[in-house]
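Visitor: To start, I am sharing the structure in question, which I have written as structure tokens.
The values are calculated or read from the model by the stated rules, or taken from the named source; none is laboratory data. Predicted model only: the values in this text are computed from it and were never measured. All Cβ positions, glycine included, derive from the backbone under ideal geometry; neighbour counts span all protein chains shown.
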Amino acid sequence: MTTSEPLARLAAELDFIGRRLQVVSQELQRTQVVGPAPSFVQTSMPMPMPVPVQPPGAPMPAPVPGQMPPPRYVPPPPLPERLGREGAGSKVVAWVGGSVTLLGIVLLMVLAVQRGWLGPEPRVVVGGGLGLALIAGGLWVHRNPAGRSGAYALAATGIAVLYLDIAAATSLYGLMPQWAGLLVALLVAAGGLLLAARWNAQFIAIWVILGCAVCDPVLTHGFTALLVAFLVVLQIGAMPAQLLRSWPALALVAGIPPVLASLVTTVFSAGPGDRMQTAGVALAATVVGVAVAVVATLRDRENVAMPAILLATAPVAALVAGVTLTKSEATWLAVIVAVLMLAVAVCDRWLGTPITVTAAVLGSVAVVDATVHALTGPTQAVTLLGESLVLVLAADLVRHRAALLAALLTGGFGLLWGLTTVTPAMLVVYRPEQELTVSTALTALLVAVVAIAIPLVGYRMKVIGAPIRQAAPWIVAGVVMLYGAAGAVLSTALLIEPDRTGFVFGHAVITVSWTVAAIALLLLGVRSAALRAVGLVLVGAAVVKLILFDLATLDGLARVLAFLAAGLLLLLAGTRYARLVSREGVITDESRGVTNQVQD
């Protein structure tokens, strides 16, 4: 047992006694003003249970061992007051001195190379000796509680000096292979940050990571793949400390530098010869970032904001690195990211909604990126819509909302790509020079199918309500479905008869098909208010199309046939629908009467 534990217990007991005395004092003052005291004290200070008021002169009950009231929030004092406290100046001076020392060591290494001072081996030995001496001094000073702030600064500076010394030995001097330098740097980072975890000093870990991230580019000749690798190693070295201590801020601080360095290296520094190496370290930064975000979430399910930010930024490194690769290489890179993110998305039982939703969004983006790199032309929209349909079926099979969200996003991207093939102008104006293919009809058909499948599965999974209760998503889906169905019918008609006759015939079939679909929904919806609502809306859409489009665009026999067919179908369906509604009402009344008789 250390000497600080009895002092901590004594301080906690004194704090508890002070709080109880404060409660009694407030209650006595209130009693003198308003009369007899109530049976329980109500204060603004959060207490685990109501505190009964003791009679005057009665002794206060002894505190229950091991039971302490929750700490009361005390706002931090302003910065001038904190700087004016005794010992604050020493902390500031110590950490500023550590930062200046670290920068001076880096400049000394660079200057020694430029002017040829000593040799590479003596420089590395001197740097390593200085780092070890600083760490030893921090351990020695840490034995005295009065010098803890200085010990933290000494140890943090020593850890950073050792790490940068290894980076210089690997990059500047070439004294060891890159894999060996990265391995030794990993051991130094893990050991140093474990020391910070043992001391429960998160600021040491954050200061080491930021100091190394700022100074590393000087020692690795700018932004290179080796720089990204050293920063990834630093992030891996922080994971053991993350397992011991719940430090979400450490996970974010360690995860952002590799992503930023990877982006800068890809955009500005990646040459034709090292594009694969740059993409490899970018993928490593993505995988490690996702792993750290998952570990941080599992370690602390309460604070998921910073892990979610890290999870959202980690895939950017690999996806951007694909711009320097060939199409096949970029496709495989995006596929790996997509599989990784979708694997995280299906783990909502352990990771929670914010993490899995973020993973589903990024996984959908990676799927779109892989499709765009792998394919060209109209097949991009067909593939994206097909992937969306597969995700919808998977979501319906496993009842997983993250999969449904991924399907919705992928289908949205597929619709945007499909609008470049099945354009609104194609549906409204006939153009003889327009070329149509089977891909056009297939794209439009998939748009209609996906627009039906997503809301239906969402309704089965209770994500959205029925059309009569939550109309907005159903209206959007219905408009998209009608657009896709119209495009499929018209494209098929033009493929069969590629002239104005095919265009006119296609629109006549569209009007009649809308009418038939509306009648089917009405007849099936005798007992379903949702189907009746959708059917009536579709009847209105068919009538509006007849009046506003067919009457002005179609001519001759096609216009006559469209109006006669739609009118007769609606007339016959209206008669049949009225009979069904009447019969359904009679059956309902009879069943109610039988029920009442049974109850009597």
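Visitor: Given the criterion within 13 Å of the chain's Cα centre (by Cα), surrounded by fewer than 24 Cβ atoms within 10 Å (Cβ to Cβ) and not basic (Lys, Arg), identify the matching residue among ILE309, ILE336, ILE256.
Guide: When all the criteria are applied, what remains is ILE309.
Visitor: Same structure again: Of the conditions (1) in a helix (DSSP H, G or I); (2) surrounded by fewer than 23 Cβ atoms within 10 Å (Cβ to Cβ); (3) touching a Phe, Trp or Tyr at 6+ places or on another chain (Cβ under 9 Å); (4) not basic (Lys, Arg), TYR430 fails just one. Which one is it?
Guide: (1)
Visitor: Condition check: at pLDDT below 85, in contact with a Ser or Thr (Cβ under 9 Å, 6 or more places away or on another chain) and of a type in the set (A, V, I, L, M). Does VAL316 satisfy that? Outline the logic, then answer.
Guide: On the way: at pLDDT below 85: no; in contact with a Ser or Thr (Cβ under 9 Å, 6 or more places away or on another chain): yes; of a type in the set (A, V, I, L, M): yes.
It is false that VAL316 is at pLDDT below 85, in contact with a Ser or Thr (Cβ under 9 Å, 6 or more places away or on another chain) and of a type in the set (A, V, I, L, M).
Visitor: Can you spot a residue in segment 174-188 that is out of contact with any helix residue (DSSP H, G or I) (no Cβ under 7 Å at 6 or more places or on another chain), modelled with pLDDT under 85 and not acidic (Asp, Glu)?
Guide: The initial filter retains those residues of segment 174-188 that are out of contact with any helix residue (DSSP H, G or I) (no Cβ under 7 Å at 6 or more places or on another chain), namely 174, 177, 179-180, 183, 187.
Checking which are modelled with pLDDT under 85 leaves us with 174.
Pick out the ones that are also not acidic (Asp, Glu) and you get 174.
Yes, segment 174-188 contains a residue that is out of contact with any helix residue (DSSP H, G or I) (no Cβ under 7 Å at 6 or more places or on another chain), modelled with pLDDT under 85 and not acidic (Asp, Glu).
Residues are listed down the side, and each one gets a yes or a no for (1) within 28 Å of the chain's Cα centre (by Cα); (2) assigned to a helix (DSSP H, G or I):
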| residue | (1), (2) |
| --- | --- |
| ALA441 | no, yes |
| LEU445 | no, yes |
| LEU456 | yes, yes |
| PRO467 | no, no |
| ALA472 | yes, yes |
| VAL480 | yes, yes |
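Visitor: In this structure, does LEU139 turn out to be assigned to a helix (DSSP H, G or I) and either farther than 15 Å from ASN200 by Cα or in contact with a Cys (Cβ under 8 Å, 6 or more places away or on another chain) (or both)? Please lay out each step first, then the result.
Guide: Numbers: assigned to a helix (DSSP H, G or I): yes; either farther than 15 Å from ASN200 by Cα or in contact with a Cys (Cβ under 8 Å, 6 or more places away or on another chain) (or both): no.
The answer is no for LEU139.
Visitor: Please find, among ALA279, ALA241, ALA251, the residue that is surrounded by 20 or more Cβ atoms within 10 Å (Cβ to Cβ), modelled with pLDDT under 90 and within 15 Å of LEU311 (Cβ to Cβ). Please lay out each step first, then the result.
Guide: Details: ALA279 fails: within 15 Å of LEU311 (Cβ to Cβ); ALA241 fails: within 15 Å of LEU311 (Cβ to Cβ).
After ruling out the rest, the residue left standing is ALA251.
Visitor: Sticking with this one: Could you give every pair whose Cβ atoms fall below 6 Å, whose first residue belongs to segment 148-169 and is among the β-branched types (Val, Ile, Thr), and whose second residue is modelled with pLDDT of 85 or more, counting only separations of at least 6 or pairs across chains?
Guide: Within 6 Å, the pairs are ILE159/GLY192; ILE159/VAL208; ILE166/GLY181; ILE166/VAL184; ILE166/ALA185.
Visitor: Under 9 Å between Cβ atoms, at least 6 apart or on separate chains: pull out the pairs that start in segment 193-216 with a residue that is closer than 12 Å to ALA241 by Cα and end on any residue that is among the charged types (D, E, K, R) and not in a helix (DSSP H, G or I).
Guide: Note: pairs meeting the criteria are ALA196/ARG245; ALA197/ARG245; ASN200/ARG245; GLN202/ARG245; ALA205/ARG245.
Visitor: When the residues of segment 162-188 are narrowed to those that are closer than 16 Å to PRO122 by Cβ and hydrophobic (A, V, I, L, M, F, W, C), which ends up farthest from the chain's Cα centre (by Cα)?
Guide: Among them, the one singled out is LEU175.
Visitor: If you don't mind, there's one more thing I want to ask. Mind listing just one residue for me: the one in segment 375-399 that is surrounded by fewer than 23 Cβ atoms within 10 Å (Cβ to Cβ), modelled with pLDDT under 85 and of a type in the set (A, V, I, L, M, F, W, C) and, of those, farthest from the chain's Cα centre (by Cα)?
Guide: Among those that are surrounded by fewer than 23 Cβ atoms within 10 Å (Cβ to Cβ), modelled with pLDDT under 85 and of a type in the set (A, V, I, L, M, F, W, C), it is LEU375.
Visitor: In addition: Which pairs have Cβ atoms under 7 Å, sit 6 or more apart or on different chains, and link a residue in segment 462-482 that is under 22 Å from LEU419 (Cα atoms) to one that is among the β-branched types (Val, Ile, Thr) and assigned to a loop (DSSP other than H, G, I, E, B)?
Guide: Going by the 7 Å Cβ cut-off, the qualifying pairs are PRO473/ILE464.
Visitor: Given the options VAL295, VAL288, name the one that is at pLDDT 90 or above and either of a type outside the set (Lys, Arg) or out of contact with any Pro (no Cβ under 9 Å at 6 or more places or on another chain) (or both).
Guide: Values: VAL295 fails: at pLDDT 90 or above.
None of the others qualify; the one that does is VAL288.
Visitor: Residues that are in contact with a Leu (Cβ under 7 Å, 6 or more places away or on another chain) and within 29 Å of VAL438 (Cα to Cα), at least 1 per element: which helices (runs of 4 or more DSSP H) completely within segment 307-425 meet that? Quick ask: steps written out before the conclusion?
Guide: Numbers: elements: 327-345, 348-351, 353-374, 379-398, 401-419.
Per the criteria, 327-345, 353-374, 379-398, 401-419.
Visitor: Collect the residues in segment 218-234 that are within 17 Å of VAL161 (Cβ to Cβ) and over 27 Å from the mean Cα position of the chain (by Cα), keeping them in residue-number order.
Guide: If the condition is that a residue be within 17 Å of VAL161 (Cβ to Cβ) and over 27 Å from the mean Cα position of the chain (by Cα), then VAL218, LEU219, THR220 are the ones that fit.
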